1. How far, in nm, would the chain grow between Ile157 and Lys120 when pulled straight, counting 0.36 nm per residue and subtracting the alpha carbon separation?
2. For the stretch 58-66, just list the computed ³J(HN,Hα) in residue order, Karplus coefficients 6.51, -1.76 and 1.60, θ = phi - 60°, integers in Hz, with x standing in for Gly and Pro.
3. At 7 Å along the Cα-to-beta-carbon direction for both Ser146 and Met70, put a label point, then send me their distance in nm to one decimal.
4. Using the Karplus equation 6.51 cos²θ - 1.76 cosθ + 1.60 (θ = phi - 60°), what ³J(HN,Hα) coupling, rounded to whole Hz, does each residue of the stretch 151-161 give in order, writing x for Gly and Pro?
Amino acid sequence: MKNHQLFVSAALALTLLSGCGPRYYYDSVEDDDLVEVSYSAIDQLLLGLKQPLPRGSLVVINSLVNVDDMGQTLPFGRIVSDQLTSAMSRSGYRVMGMELPTEIFAKNEAGILELPEKTKEALNNVHANAFVYGTYAAGRKNVYVSLRIVDISTQNIVSSTDFSIPMGPDAKRLATIPEPKE
C-alpha cells in the first residue's frame, strides 16, 4: 500500500512538473462585446468634453485607421466607427460618417499640427461642429484604440479616450490583415 501511495505521489508530481497535468487555458481569450465597448467609449468622450458640444450638433465620424498604416482601415476600424456613429446618434447628435483624407493632421511651417485645407474644406462644406477620429493597433493579446473629438473651428482636441479590447477570435479576425489567397 505504501509503495502504491509513493508511486501515485511520484506520478502526480511528475505530471504537474512536466506541464501535462490539468491545463488552465490562460491563452484562450474571450471577446468583449464590441457594441458595448463602443457605446461606453462615446459615453467617456462626452463626459470628458472640455467645452460644450450642444446636442443636435453635427458630428462627423471618420473610420478608425490602423496605426501602422494610416491609409488602411480593416473591418475592425469600420465596424467600431459604425458603432460609434450609432452611439453618438442615440446621444442626441446629428452624425455623419465620412471618409476624410488619411492625413487628418499635417504639420504647418511652424511645425504645429493642424487640419489640412482639404480636410477643413470637407468639414466646413457639411457645416460640422466636431469630428471624431481614431486609431487602433492590434497587439498579441489586445487591440488598443485611441479616440479623439476635435472642435472644427479651433482644431483643438476637446475630448479623448483610450481603451483596449481583448484579442478574442472575433477581434482577431476583424483587426488583422488577412493572408493573401493563392
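Bear in mind that the values in this text are calculations on the coordinates, not laboratory data. These figures come from a predicted structure and were not determined experimentally. Neighbour counts run over all protein chains shown; Cβ positions are idealised from the backbone, glycine included.
1. Values: separation 37, 0.36 × 37 = 13.32 nm, distance 1.47 nm.
The Ile157-Lys120 span can extend by a further 11.9 nm.
2. Whole-Hz 3J(HN,Hα) from phi for the stretch 58-66: 8, 10, 9, 10, 8, 4, 5, 10, 5.
3. 1.1 nm
4. 6, 5, 5, 9, 6, 8, 6, 9, 6, 8, 8
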